[in-house]
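Just below is one structure, and these are the notes that go with it.
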């Protein structure tokens, strides 16, 4: 018995222009679609990424100096008559933004990698026991097309986006990124620049991005055609708004999603879940949701059925959690194996290669939802954790052999790309190998809404793609290892992901793998004693401080417990420091939830790299360890106290900055050095900010009848709109919400309130 997998081998050639018909179309005055292939009809790549309605755009056309020139009210697009090279110019300023410098289609040989079923064996991995097989041969089976597009970007000083990648990159100019889905990689084919433009590549295949300081190339491994959108915007947030116009708005998550979420690998029974939550309530430590991770099933792998020996009554479990004013999230997987669910899906023709259900098939998505609904949603479970939504990894279950005498490791980016695009192409098809999470998320979102509109969809998932923001997903960056270097790399990874217009991102606070198992390349944590080691407690606390200012605050990981009491008792430094951040998170809930509504209504990004706000300050372009959270400048501490007790902080130009903890004011455009005591991280508020806050409560819904106080940070005019609704359900889509707008006149030192929600306010007095 043989199994097979597809791979590709390229015919090498120079990147030049192949002169074929190119199609240029204005979607809006600021968005242009470019399509091209090496011959034949232009039909798109059928990815399902874009959902827009094309606007009626007034376009003037003329021929000038050997170019066809198309002009809208915002953009000038020039198409060279000889080469069909395209350039994009800001019509208002006359500034050249971007131009093509090469475009080519390459034929690619498709290979069939054949596996020997007789060598099948079970091996223990980080994902449990999985089947592995030996390769016996490679067969040539056909061809596909690789599209390569090169751009000249002189004048562009920074590029961002492309998803979350653990390569420690912020500014992508001069970098190479291998783009495919992976446990530790999330690919989103969106680029944007603080110089006021962005690109969306509408393809679903693996890609490769290369660049120097004046050029970049996007290589799409398998597509029907080259298909990309140029998006113009005066600011990066305008580019994001253009992306949302093309791919859909961000969904508003339920209020509880912004509270604290307690998780670990894993709670082993209903009693374990209930008792953990009960202890939080006994200690009066705020928490909004507890999570049931994997391996709750009675047999096989990924079976959406709870083992009744340890979970005797799922409805009673959910009721018990709700009685303590919390929500329940459950981990579900797309790859059932050795269980009745797998057999059922196979009999119906709903399974792909490698035991992955066919999320591209709407009937298979409905059937998958039936399992999820019958066991969980109909019994009161609230939220989904869609693990392994890549949905396969080529280097995780079976570690690759050494190459050139060097063991496979974190820096094998090209090999990782090759291995994973091969296995994903085998299971999903090369042209849609990066799309699985988009369709998997779609199935849960659409079917839950059809079942019950009383609960908003919340889906924490390990992979993402362009357009996925419309399906109520929060993406996390996968099974990271606990080291200070890994911590530092995660910050720019998340910021680049959120820059793509997918604003909901989070991490495993404390990192997933805490220990080093001595054999697997990814299982390389540096804290063998876990919570029994003060060094790990410090690491966890510093990550928790950072996580407090991410869209979702969630603790999770393996090897060691994660509950707050595992880090000490009240009055001890780590316990108190963690509790301080949880309490701060709940104090800020009115602010955070209002920003979440702004993301849905106005294409805002609550957590964003500094280039969004300070595009003219080049110091921030490659600053990896600071970011904005609303009006907060967040500066995580990413080095242990044994290494340093000080942290350098850059305060961007153009604003005064107020230390959140001391109210001391600083001028922007300077570096300062601050002491990094364990109970706080450097945190600053931009002068000219309004921050609504409320009382600390034990769960988010308890704030509904609590007073709101508006903190005004003077120094510039300011405005903010407080958003309030039921916190769950979709009545807000029908207008069932309230808005209260606060406007601060700094010259008159007066606050104007528009709306009928009663608040008090406090004007912060900065210390000189």
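May I ask you to sort 261, 399 by Cβ crowding, counting other Cβ atoms within 10 Å and putting the fewest first? Please list the in-between numbers first.
On the way: 261 26, 399 16.
By the 10 Å Cβ count, ascending: 399, 261.
How large is log10 of I(q)/I(0) for region 439-592 at q = 0.15 Å⁻¹ when the intensity is taken from the Debye formula with one equal scatterer per alpha-carbon?
For region 439-592 at q = 0.15 Å⁻¹, log10 I(q)/I(0) is -0.86.
Over all distinct alpha-carbon pairs, what is the Kirkwood Rh of region 445-490 in angstrom?
Working: mean 1/r = 0.0784 Å⁻¹.
The Cα-based Kirkwood calculation yields 12.7 Å.
Given 20 °C and 1.002 mPa s, how large is the Stokes-Einstein diffusion coefficient of region 372-431 in µm²/s, with Rh as the Kirkwood radius over Cα pairs?
151 µm²/s
What FRET efficiency would be calculated for the residue pair residue 268, residue 346, taking the C-beta separation as r and a Förster radius of 45 Å, to the nearest 0.05?
My answer for the efficiency is 0.90.
Taking all pairs of distinct Cα atoms, average 1/r, flip it, and tell me the Kirkwood hydrodynamic radius of region 485-572 in Å to one decimal place.
Values: mean 1/r = 0.0720 Å⁻¹.
Across region 485-572, the inverse of the average 1/r is 13.9 Å.
Specify the inter-centroid distance of region 422-437 and region 290-358, based on alpha-carbon positions, in whole Å.
Region 422-437 and region 290-358 have Cα centres spaced 24 Å from each other.
Sorted from largest down, what three extents in whole angstroms do the Cα atoms of region 653-696 have along their principal axes?
That works out to 34, 28, 12 Å along the principal axes.
Write down, largest first, the equivalent ellipsoid semi-axes of region 187-267 in whole Å, where each equals the square root of 5 times an eigenvalue of the alpha-carbon gyration tensor. Mind showing how you got there, number by number?
Details: eigenvalues 181, 75, 40 Å².
Rounded to whole Å, the semi-axes are 30, 19, 14.
Would you mind ranking 324, 306, 646, 207 by Cβ crowding within 10 Å, fewest neighbours first?
On the way: 324 15, 306 22, 646 11, 207 25.
The fewest-first ordering by Cβ neighbours comes to 646, 324, 306, 207.
Viscosity 0.890 mPa s, temperature 25 °C: what is the translational diffusion coefficient of region 221-337 from Stokes-Einstein with a Kirkwood Rh over Cα pairs, rounded to a whole number of µm²/s? Walk me through the numbers on the way to the answer.
Numbers: Rh = 17.7 Å.
For the chosen part, D equals 139 µm²/s.
Could you compute Rg(Cα) / (2.2 N^0.38 Å) for region 465-504, with N its residue count?
Working: Rg = 11.5 Å, N = 40, 2.2 N^0.38 = 8.9 Å.
In units of the globular-protein estimate, region 465-504 measures up at 1.29.
Compute the distribution of all C-alpha to C-alpha distances in region 297-351, in bins of 10 Å from 0, and list the percent of pairs in each, rounded to whole numbers.
For region 297-351, the binned pair fractions read 23, 40, 27, 10, 1 percent.
In Å, what Rg and Dmax follow from the Cα atoms of region 695-768?
Considering region 695-768 through its Cα atoms, Rg and Dmax are 14.7, 47 Å.
Take the alpha-carbon positions of region 396-524, form their convex hull, and give its projected area averaged over all directions (one quarter of the hull surface) in nm². All intermediate terms of the calculation are to be shown ahead of the outcome.
Values: hull surface 39.3 nm².
Approximately 9.8 nm², given one-decimal rounding.
Hey, if you drop one equal point scatterer on each alpha-carbon of the chain and run the Debye formula without solvent, what base-10 log of I(q)/I(0) do you get at q = 0.07 Å⁻¹?
Result of the Debye calculation: -0.50.
Based on the mean of other Cβ atoms within 10 Å per residue, sort peptides 583-593, 401-411 so the most packed one is first.
Numbers: 583-593: 21.9, 401-411: 10.5.
Answer by packing, highest mean first, reads 583-593, 401-411.
For region 522-677, what D do you get in µm² per second when you plug the Kirkwood radius from alpha-carbon pairs into Stokes-Einstein at 25 °C and 0.890 mPa s? Kindly include the intermediate steps, with their values, before the conclusion.
Numbers: Rh = 17.4 Å.
Value of D from the Cα-based Kirkwood radius: 141 µm²/s.
As a check on your grasp of the helix formula, calculate [θ] at 222 nm for the chain: sum -39500 (n - 2.57) over DSSP H runs of n ≥ 4, divide by the residue count, round to the nearest 500.
Values: 11 runs with 148 residues, N = 768.
Using -39500 (n - 2.57) per qualifying helix, the result is -6000 deg cm²/dmol.
Counting residues in region 142-200 as N, plug N into 2.2 N^0.38 Å and put the Cα Rg over that result. Don't jump to the answer; show the numbers that get you there.
Numbers: Rg = 13.1 Å, N = 59, 2.2 N^0.38 = 10.4 Å.
Relative to the rule-of-thumb radius for its length, region 142-200 sits at 1.26.
Let me check the size of region 609-700 from its C-alpha atoms; what are the radius of gyration and Dmax in Å?
14.0, 42
Given labels modelled 7 Å from the Cα in the Cβ direction, how far is it in nm from residue 282 to residue 747?
Result for the modelled spin labels: 6.1 nm.
Any chance you could tell me what percent of the C-alpha pair distances in region 291-449 go past 26 Å? Before the final figure, lay out each step's value.
Values: 4410 of 12561 pairs.
That fraction is 35 percent.
Compute for region 15-74: radius of gyration divided by Kirkwood radius, i.e. Rg/Rh, restricted to C-alpha atoms, rounded to two decimals. Spell out each step's value before the answer.
Details: Rg = 13.7 Å, Rh = 13.7 Å.
Rg/Rh for region 15-74 comes to 1.00.
Ranking 657, 369 by Cβ neighbours within 10 Å, fewest first, what do you get? If you can, show how the numbers build up before the last one.
Details: 657 23, 369 19.
Neighbour counts put them in this order, fewest first: 369, 657.
Where does each of 595-605, 379-389 land if you order them by average Cβ count within 10 Å, highest first? Each step should come with its number before you reach the end.
Details: 595-605: 20.4, 379-389: 23.0.
Output ranking for 595-605, 379-389: 379-389, 595-605.
Using only Cα atoms, figure out Rg for region 642-745 and give it as a multiple of 2.2 N^0.38 Å.
Working: Rg = 17.9 Å, N = 104, 2.2 N^0.38 = 12.8 Å.
Rg over 2.2 N^0.38 Å, computed on Cα atoms: 1.39.
Throughout, read-outs are computed from the coordinates displayed, never taken from laboratory work. Not measured: the values here are computed from a predicted model. Quick reminder, even Gly has a Cβ in these numbers, built from the backbone with ideal geometry, and neighbours come from all protein chains shown.
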